[in-house]
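Below is one structure; the comments refer to it alone.
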Amino acid sequence: MVDFPGGPKAFGICAKFCYGMTVTLNAYNVVAARCAAEYLEMTEDVDRGNLIFKIEVFLNSSIFRSWKDSIIVLQTTKSVLPWSENLKIVGRCIDSIASKTSVDPANITWSYTYNRKLSVSDKTAGDGMKFREKIISVPKDWWVEDICELDIDLYKRVMTAVKSKGRMDGVAICEALKTYAVRWLPDSVDSLDSDVHSWRNKLLVETIVCLLPSDRGVDCSCSFLLKLLKVAILVGVDNSAKEDLLKRISLKLYEASVKDLLIPARPPQTTLYDVEMVLSIVKRYMMHRHDLDVAKNEMGCTDFVLGHGSLLSVGKLIDEYLEEIARDPNLSLASFIDLSQSVPEFATPVHDGLYKAIDTYLKEHLSLTKVERKKLCSLMDVKKLTMDASMHAAQNERLPLRVVVQVLFFEQVRSAAGVQPLRNTSHYTTNTEEESEKTAAEDCNSLEKQMSRIKIKEDAFQEKCELAKQSSKNSKSGIQLLPSRSRRMFGKLWGFGKGHADNRSSETSASSQSPTSMVPGDTKSSGSSSRNRRHSIS
């Protein structure tokens with residue numbers, strides 16, 4: 001019959017049982033046999049010890065006690081729906097699987113991941129005696145690979161049951177979801193975007209997002225969430241699922257890497273990466289930080305530096321991201337500036353990363369006007385550059401001349417003040433929040449001390465410059481620390497020396513007199529153009 005559950009094989013099992021023949025039941029045929037027996041009404045009312053009773057004993061005493069068999073049986077239930085659902089075989093399988101996932105791994109003696117078994121080996125002691133020792137320990141997430149074999153609808157029900165029992169931590173839940181995503185989501189963008197599997201991929205992503213732990217700030221890694229977001233955008237998931245991912249990512253942005261943030265842009269966007277979405281994530285993160293700061297203030301916490309280690313990580317991340325996207329010729333200056341200004345100033349105590357991003361943008365966008373170049377470079381504070389970055393900037397032809405002069409001036413002030421150069425912050429990316437906070441406190445305090453000393457010396461230096469302006473003598477004040485060509489640039493821009501009122505011209509009039517050396521005391525004449533040409537070392 002067409003409507004007979006389980007088909008001819010299930011009917012054959014029932015027929016053999018009726019004729020007293022031996023029937024072999026296993027995890028692969030027991031569900032079909034149970035549904036067929038129900039269809040034929042092989043109950044205790046007809047005959048004691050009938051097939052339904054014997055199958056139920058087999059299910060409860062053997063199948064549901066076995067981890068592997070429970071999964072196999074659950075997979076076979078799909079072929080005999082709705083019978084298997086009405087007989088509650090599906091529900092009992094799910095409950096059996098969910099209960100076993102929460103068992104203490106130390107007490108697990110059954111095989112896991114099908115082909116990996118708890119094994120023991122003979123080990124010889126010093127006196128020649130042998131003893132048995134476990135060579136494989138069971139990890140906490142031992143179960144995640146096995147249930148990956150389930151279809152998405154059954155997988156969702158199993159994971160819902162696992163979460164409802166409340167005995168599985170969020171980290172294991174996230175690991176299970178990540179493993180399932182890797183198992184079923186295609187690797188290539190073309191496969192994700194194809195019409196053949198687009199509906200399945202969309203359902204899969206939306207289901208995984210739905211199953212994410214409720215505690216948004218603790219369990220799942222930011223890298224996994226961002227990868228999930230990229231796939232979600234490609235397959236076109238609902239806005240609610242995308243919004244949930246954005247909230248979760250914004251809470252853990254300090255864990256992200258630049259590669260994670262490179263989200264491909266979708267039409268009608270013309271840029272290579274979705275910069276607007278990253279800006280939205282950063283703004284959400286800053287709003288969350290603001291709420292935390294308000295809460296801390298209400299609780300009486302007044303320490304400003306400690307607790308901002310994650311913010312330093314975000315500041316460094318944005319600088320690196322800016323350097324990456326600056327290579328895109330379609331990236332607008334407004335987008336670059338907005339993203340750069342999305343984090344507060346104290347999040348980037350050193351501007352080497354920002355300088356690299358600005359320099360990269362200038363390389364790739366040669367059509368920028370003088371005003372646009374000034375606006376771009378105004379994002380950078382030359383006082384926050386390390387010695388290496390300052391030396392590079394002093395010889396960078398792409399920078400506006402005023403910025404070059406500011407770099408030279410500050411380096412001379414720093415040299416005159418005897419202040420140690422700022423340290424490079426490549427080590428700021430830490431493995432833990434605690435280490436980030438400790439580094440933040442040390443570096444911010446060190447920066448404040450250096451800036452205060454520089455300010456005092458800079459004021460004294462300015463006074464000396466004023467005296468030099470009023471005197472016609474060639475004094476040996478701090479300005480003599482600069483090379484002769486650098487002094488000419490100071491004269492043109494800030495009015496040192498004779499005729500300064502006439503020489504306050506545009507930057508282009510002085511561009512040919514850029515510095516070539518950072519060595520103090522270099523007072524050679526500028527007769528040879530080949531020796532005096534400014535060059536880039538980038």
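Summary of computed values
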| read-out | value |
| --- | --- |
| Filtered residue count, the range 70-105, keeping only those that are open to solvent by less than 40 Å² (accessible area, probe 1.4 Å), of a type outside the set (A, V, I, L, M) and within 26 Å of residue 7 (Cβ to Cβ) | 7 |
| Residues satisfying the stated conditions in the range 321-360, i.e. in a helix (DSSP H, G or I) and open to solvent by 30 Å² or more (accessible area, probe 1.4 Å) | 323, 324, 334, 338, 345, 346, 356 |
| Residue within the range 49-72 that is on the phi < 0 side of the Ramachandran plot, in contact with a Phe, Trp or Tyr (Cβ under 9 Å, 6 or more places away or on another chain) and not in a helix (DSSP H, G or I) present | yes |
| Residue selected from the range 269-320 under the condition modelled with pLDDT under 65 and touching an Asp or Glu at 6+ places or on another chain (Cβ under 7 Å), by the criterion most open to solvent (accessible area, probe 1.4 Å) | 306 |
| Hits in the range 51-69 - residues which are closer than 19 Å to residue 17 by Cβ and open to solvent by less than 30 Å² (accessible area, probe 1.4 Å) | 51, 52, 55, 59, 63 |
| Looking only at the range 221-253, and only at residues there that are surrounded by fewer than 20 Cβ atoms within 10 Å (Cβ to Cβ) and hydroxyl-bearing (Ser, Thr, Tyr), the one that is nearest to residue 200 (Cα to Cα) | 240 |
| Unmet requirement for residue 263, which otherwise passes all of (1) buried (at least 16 other Cβ atoms within 10 Å of the Cβ); (2) at positive phi | (2) |
| In the range 197-220, the residues that are at pLDDT below 90, over 20 Å from residue 164 (Cβ atoms), surrounded by fewer than 19 Cβ atoms within 10 Å (Cβ to Cβ) and not charged (D, E, K, R) | 197, 198, 199, 217 |
| Residue pairs meeting the criteria (Cβ under 6 Å; at least 6 apart or on separate chains; first in the same structural domain as residue 363 (by the TED database) and assigned to a helix (DSSP H, G or I), in the range 384-402; second of a type in the set (Phe, Trp, Tyr) and surrounded by 20 or more Cβ atoms within 10 Å (Cβ to Cβ)) | 389/355 |
| Contacts under 8 angstrom Cβ, first residue in the range 403-416 being farther than 10 Å from residue 382 by Cβ, partner basic (Lys, Arg) and in a helix (DSSP H, G or I), 6 or more apart | 413/457; 416/457 |
| Neighbours by Cβ (under 7 Å, 6+ apart or cross-chain): first from the range 19-32, in contact (Cβ under 8 Å) with a residue 40 or more places away in the chain; second among the acidic types (Asp, Glu) | 27/69 |
| Unmet criterion (only one of (1) at pLDDT below 90; (2) open to solvent by 80 Å² or more (accessible area, probe 1.4 Å)) for residue 28 | (1) |
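The values are calculated or read from the model by the stated rules, or taken from the named source; none is laboratory data. Bear in mind that the values here come from a model prediction, so they are computed numbers and not experimental data. Neighbour counts are summed over all protein chains in view; Cβ atoms, including those assigned to glycine, are modelled from backbone coordinates with ideal geometry. When the accessible area is computed, the model is the full protein with side chains, heavy atoms only, and any ligands, DNA or RNA have been set aside. Shrake-Rupley method; radii C 1.70, N 1.55, O 1.52, S 1.80 Å.
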